[in-house]
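Participant: My structure is below; once you've seen it, I'll send some questions.
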Amino acid sequence: EQIGCDIESMNRFVATLQQTGDFKQAFAAGNTPLSAQKFVDFTFEIICSNKAYLQAAIFTFGREDLIPGMFLSMVNDLNKRFPDNISQIKYYLERHIEVDGDHHSILALQMTANLCGENQQYWQEAEAAVVQALQMRIALWDGVYAEIMAGKSTLVSA
């Protein structure tokens, strides 16, 4: 909101999810793009698997090891575009970078190693799940890009 984003669809999504507890209804209410729906669905499949070693591996290699660098690039770009308007989101992203990059990533690696241990099947399942998680994350960001480009073309043709 601080940088001028329309948050109405997010508010509808959150309100519907709070009222119903149903993601499908919330997705519809928020007009959630399919790529985001699939990403959330995959995330909850892993959560509901009750396999802590998969959850840890995806957290470690599909997020903690990946996100800080991506956020750093976003912060720098946002700061160039909106130098006076991003104090809150800039703080959030910089804090995320600091915590994830410095502390969480080391602990996440240890957690994954402890949960998988010497069990080769756990490591194989974890590797496959991480690959799938990364593919889902790529599809999510490709979807975000497509939405941005569609919005730009709508603005240009208006």
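Participant: Out of curiosity, is residue 54 at pLDDT below 95, aliphatic (A, V, I, L, M) and surrounded by 13 or more Cβ atoms within 10 Å (Cβ to Cβ)? Even if it seems obvious, please write down each step before you answer.
Facilitator: Details: at pLDDT below 95: no; aliphatic (A, V, I, L, M): yes; surrounded by 13 or more Cβ atoms within 10 Å (Cβ to Cβ): yes.
Against the criterion (at pLDDT below 95, aliphatic (A, V, I, L, M) and surrounded by 13 or more Cβ atoms within 10 Å (Cβ to Cβ)), residue 54 does not qualify.
Participant: Follow-up question, since we're still on this one. Scanning the stretch 32-42 for residues that are within 16 Å of residue 58 (Cα to Cα) and without any contact (Cβ under 8 Å) to a residue 40 or more places away in the chain, which turns out surrounded by the most Cβ atoms within 10 Å (Cβ to Cβ)?
Facilitator: So, considering only residues that are within 16 Å of residue 58 (Cα to Cα) and without any contact (Cβ under 8 Å) to a residue 40 or more places away in the chain, the one surrounded by the most Cβ atoms within 10 Å (Cβ to Cβ) is 40.
The values are calculated or read from the model by the stated rules, or taken from the named source; none is laboratory data. Quick caveat, the model's predicted, so the values are computed rather than measured. No Cβ is skipped: glycine too gets one built from the backbone with ideal geometry, and neighbour counts run over all protein chains shown.
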